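In what follows, a single structure is set out as structure tokens and then discussed.
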Amino acid sequence: MSKGDELRRRFPEDKVLARLSALGLVARYPMLGNVAGKHRSPVRGSSLEFAQYREYVPGDDPRRMDWRMWGRSDRFYIKEFEADTNLRLCLIVDTSGSLAYEANGISKAEVMKKLAATLAYVASRQGDAVGLFGVGERFHTQIRPRRNATHLRVVLNALDALEIGGKTGLDSALHEAAESTRQRALVVVISDLFLEPEVLNRCFRHLRYRRHDVCVFHLLDRSEVAFEFHRPTRFRDLEGDGAILTDPGLVARPYRKAMDDWLGELGKVMRDSAVDYRRVSLHENIEDVLLRFLLGRKPKPKGDRQR
């Protein structure tokens, strides 16, 4: 089997990619690209979608003057339209040891790679630039966004080659990404987010301050939330060397309470930071997860849009 065939086997099927690509990936906020595309831009252009009127100033193109407004008000007004542009998709994927966690034979790492690969394909197919950043204790994979079919192959090969292990440095990496990604981007973070909510809050606020559209796929299996173990079990730290043998019956109640509190605080962080948050369990169908994501980002009626 060739490298290309092996890569296709690991990632979603062609029919799944075709269905998701038909929906398209849309930014929630205006983007600053360098070519024409399907995403709103904060600058005014000559697309077909009307944005607003403004008063005429010397040097404006008289062909954009609205003569009906002149007839009603005896003043000259120019029609402005929203410009469309491409976006930069920055995939930031967690490769720390906890991504090796498995449930029913499926690991978080496998789900992470499928999510990232599918989003990369959808974005590339619609003419957007795609970049990949792998994070362990620090960035170990950095592929800057570019827009061509050859570059997509580079991203997919790098994604396939990512190794899982070590501690997480996701917080430092997100701050670095906020500083180093100069132009507005769609930043997609795929991780199990095992950090304090307040730490993550500072990270996401930094990204939003830089005007990035931030989305998080939170990989957290239902078995981690429910903690349904019934016999003495050895629990191993996947990001360190520690392990503990305990009776689940003694720790289940405080564990679930701590998990509920953490998820509640995390949800508040996501809402306050305007993050597009998606929790993903390992048993879920990847197509269904991304179908909900893509449909949820479809443009709202013009009066409801955020700028």
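Checking each residue in the range 86-134 for being more than 26 Å from Asp14 (Cβ to Cβ) and either of a type in the set (A, V, I, L, M, F, W, C) or not assigned by TED's automatic domain parsing to the domain that holds Asp14 (or both) picks out Ile92, Leu99, Ala100, Ala103, Phe133.
Among the residues of the range 130-140, are any buried (at least 20 other Cβ atoms within 10 Å of the Cβ) and part of a helix (DSSP H, G or I)?
no
For the range 250-293, a residue qualifies if it is at pLDDT 95 or above, of a type in the set (A, V, I, L, M, F, W, C), more than 24 Å from Gly105 (Cβ to Cβ) and part of a helix (DSSP H, G or I), and the qualifying residues are Ala258, Trp262, Leu263, Leu266, Val269, Met270, Phe293. Would you pick out the residues in the range 219-232 that are free of Cβ contacts under 8 Å to residues at least 60 places away in the same chain and either within 19 Å of Trp262 (Cα to Cα) or touching a helix residue (DSSP H, G or I) at 6+ places or on another chain (Cβ under 6 Å) (or both)? Across the range 219-232, the qualifying residues are Val225, Ala226, Phe227, Glu228, Phe229. Taking the condition at pLDDT below 95 and either crowded, with 17+ Cβ neighbours inside 10 Å or farther than 19 Å from Leu115 by Cβ (or both), does Leu245 pass? Criteria met by Leu245. Number of residues in the range 218-234 that are part of a strand (DSSP E or B) and basic (Lys, Arg): the value is 1. Applying the criterion of being surrounded by 15 or more Cβ atoms within 10 Å (Cβ to Cβ) and of a type in the set (Gly, Ala, Ser) to the residues of the range 180-205, the residue that is farthest from Cys90 (Cα to Cα) is Ser191.
The values are calculated or read from the model by the stated rules, or taken from the named source; none is laboratory data. Keep in mind it's a predicted model, so treat the numbers as computed, not measured. Cβ atoms come from the backbone with ideal geometry, glycine included; neighbour counts cover every protein chain shown.
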